[in-house]
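The next block holds one structure in the form of structure tokens; read it before the comments.
The values are calculated or read from the model by the stated rules, or taken from the named source; none is laboratory data. Everything numeric here is computed off the predicted structure, so don't read it as measured data. Here Cβ is always computed from backbone atoms with ideal geometry, including for glycine, and neighbour counts include all displayed protein chains.
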Amino acid sequence: MNAVDTNVFVYALDVDEPVKQTKAQQLLKDLTAGADPTVLLWQVAGELLSNLRKRESAGRITATDVQMHFDDFLAMFPLVTPGAAVFPRYFDLHARFSLSHWDAMLLAACREVGVTTLYSEDMDAGTDYDGLKIVNPFA
């Protein structure tokens, strides 16, 4: 199962980064059409909404755009929310890999729901976190 980090969704909308925008859009299209399921993690959805609101506050998009883009991303993949088991995984991953708080939370959530590949620009590509592989789609 796959998951996509917030940065991929953000780049899919970022006209200031046309190369990354194209790669992000193609990845999302491929994952949507692919046989291997992809999920949208609750944390990623929250971070994405926060990013869209920042763009709105900066006058780059409207409130209507925020909801439209957010709804479009929500429609791509099933939204999953981890349970309480995410916290022991979080503490373990945080300690063993010296991860930031939010990265450890994301990886723990991925592991809990069965994600084996996380597409992200922000973590060490190629690193295996207990069976979870990080792939940088922009490399």
Of the residues in segment 59-84, those that are part of a helix (DSSP H, G or I) and on the phi > 0 side of the Ramachandran plot number 0
Hey, can you tell me all the residues within segment 85-120 that are modelled with pLDDT under 95 and in a loop (DSSP other than H, G, I, E, B)? A85, S98, L99, S100
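Is it the case that T81 is surrounded by fewer than 18 Cβ atoms within 10 Å (Cβ to Cβ), of a type outside the set (A, V, I, L, M) and in contact with a Phe, Trp or Tyr (Cβ under 6 Å, 6 or more places away or on another chain)? Talk me through it step by step, then tell me what you get.
Numbers: surrounded by fewer than 18 Cβ atoms within 10 Å (Cβ to Cβ): yes; of a type outside the set (A, V, I, L, M): yes; in contact with a Phe, Trp or Tyr (Cβ under 6 Å, 6 or more places away or on another chain): yes.
It is true that T81 is surrounded by fewer than 18 Cβ atoms within 10 Å (Cβ to Cβ), of a type outside the set (A, V, I, L, M) and in contact with a Phe, Trp or Tyr (Cβ under 6 Å, 6 or more places away or on another chain).
Could you go through segment 95-111 and let me know if any residue there is in contact (Cβ under 8 Å) with a residue 40 or more places away in the chain, loosely packed, with under 15 Cβ neighbours inside 10 Å, more than 13 Å from L40 (Cα to Cα) and among the hydrophobic types (A, V, I, L, M, F, W, C). Even if it seems obvious, please write down each step before you answer.
At the first step, the residues of segment 95-111 found to be in contact (Cβ under 8 Å) with a residue 40 or more places away in the chain are 102, 105-106, 109-110.
Narrowing the set further to residues that are loosely packed, with under 15 Cβ neighbours inside 10 Å leaves 102.
Now restrict to residues that are more than 13 Å from L40 (Cα to Cα): 102.
Next, only the ones that are among the hydrophobic types (A, V, I, L, M, F, W, C) stay: 102.
Yes, there is a match, as at least one residue in segment 95-111 is in contact (Cβ under 8 Å) with a residue 40 or more places away in the chain, loosely packed, with under 15 Cβ neighbours inside 10 Å, more than 13 Å from L40 (Cα to Cα) and among the hydrophobic types (A, V, I, L, M, F, W, C).
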Does segment 40-58 contain at least one residue that is closer than 28 Å to G126 by Cβ, touching a residue at least 40 places away in the same chain (Cβ under 8 Å) and not in a helix (DSSP H, G or I)? yes
State all residues of segment 112-128 that are buried (at least 21 other Cβ atoms within 10 Å of the Cβ) and not aliphatic (A, V, I, L, M); if no residue qualifies, say none. Y119, S120
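If I filter segment 25-35 for residues that are touching a strand residue (DSSP E or B) at 6+ places or on another chain (Cβ under 9 Å) and either at pLDDT below 95 or assigned to a strand (DSSP E or B) (or both), do I get at least one hit? Please lay out each step first, then the result.
Filtering segment 25-35 down to residues touching a strand residue (DSSP E or B) at 6+ places or on another chain (Cβ under 9 Å) leaves 27-28, 31-32, 34.
Filter once more, so that each one left must be either at pLDDT below 95 or assigned to a strand (DSSP E or B) (or both): 34.
For segment 25-35, residues touching a strand residue (DSSP E or B) at 6+ places or on another chain (Cβ under 9 Å) and either at pLDDT below 95 or assigned to a strand (DSSP E or B) (or both): present.
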Number of positions in segment 17-28 that are without any contact (Cβ under 8 Å) to a residue 24 or more places away in the chain and either farther than 18 Å from A139 by Cα or surrounded by 14 or more Cβ atoms within 10 Å (Cβ to Cβ) (or both): 3
